[in-house]
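The values are calculated or read from the model by the stated rules, or taken from the named source; none is laboratory data. Just so it is clear, the model here is predicted, and its values are computed rather than measured. Cβ sites come from the backbone with ideal geometry, for glycine too, and all protein chains shown count toward neighbours.
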Amino acid sequence: MQPPSIRRRTFVVGTSLGVALLAAARHALAAKAQKADFGYRPSPKDGKSCASCRLFTATAPGKGSCAVVEGDVSPSGWCMAYSPRQRGDGS
Ligand code: SF4
C-alpha cells in the first residue's frame with residue numbers, strides 16, 4: 001500500500017487534470033462555428049431566413065444572435081444549419 005502522501009499527491013494531480021479537462025471540454029462545447037463553416041449569407045434562401053429559424057434570437061431591430069454561428073446575424077440571413085421553428089415550440 002502507498003504512503004498517504006503519495007495517495008494525496010495522486011489525488012490532487014488527478015483532480016487537477018480532471019478539472020482542466022472539464023474546462024477544456026466546456027470551452028469546446030461553448031464555442032460557436034464561424035459563419036463560413038455554415039455558408040452563412042446575409043440574405044434569405046428559398047424564402048428561409050434566420051427570422052424563422054429556431055436557433056435565432058433577436059437582440060435589436062434588424063440584429064440577432066444565433067445558437068450555432070458566431071457573431072451578429074441578420075434576421076434576413078440564412079445558413080446551412082437553418083432549422084425552422086415548429087408550431088408551439090415557443091421559440
Ligand atoms: S442557424 Fe443559420 S439560419 Fe438559423 S439563426 Fe443561425 S445563422 Fe440563421
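Structure notes:
- Residue selected from the range 48-59 under the condition among the hydrophobic types (A, V, I, L, M, F, W, C) and part of a helix (DSSP H, G or I), by the criterion nearest to TRP78 (Cα to Cα): CYS50
- The number of residues in the range 57-86 being over 10 Å from TYR40 (Cα atoms) and not hydroxyl-bearing (Ser, Thr, Tyr) comes to 16.
- For the range 37-47, the set of residues classified as near the ligand (Cβ under 7 Å from one of its atoms) and either exposed (fewer than 12 other Cβ atoms within 10 Å of the Cβ) or not in a helix (DSSP H, G or I) (or both) consists of TYR40 only.
- For the range 77-89, the candidate set comprises residues that are surrounded by fewer than 14 Cβ atoms within 10 Å (Cβ to Cβ) and of a type outside the set (A, V, I, L, M, F, W, C); within that set, the residue that is modelled with the highest pLDDT is PRO84.
- When each of CYS53, CYS66 is tested for being modelled with pLDDT of 95 or more and touching a Leu at 6+ places or on another chain (Cβ under 9 Å), the lone residue that passes is CYS66.
- Within the range 24-32, one or more residues are modelled with pLDDT of 90 or more and surrounded by 10 or more Cβ atoms within 10 Å (Cβ to Cβ).
- None of THR10, THR59 is modelled with pLDDT of 95 or more, of a type in the set (S, T, N, Q) and exposed (fewer than 14 other Cβ atoms within 10 Å of the Cβ) except THR59.
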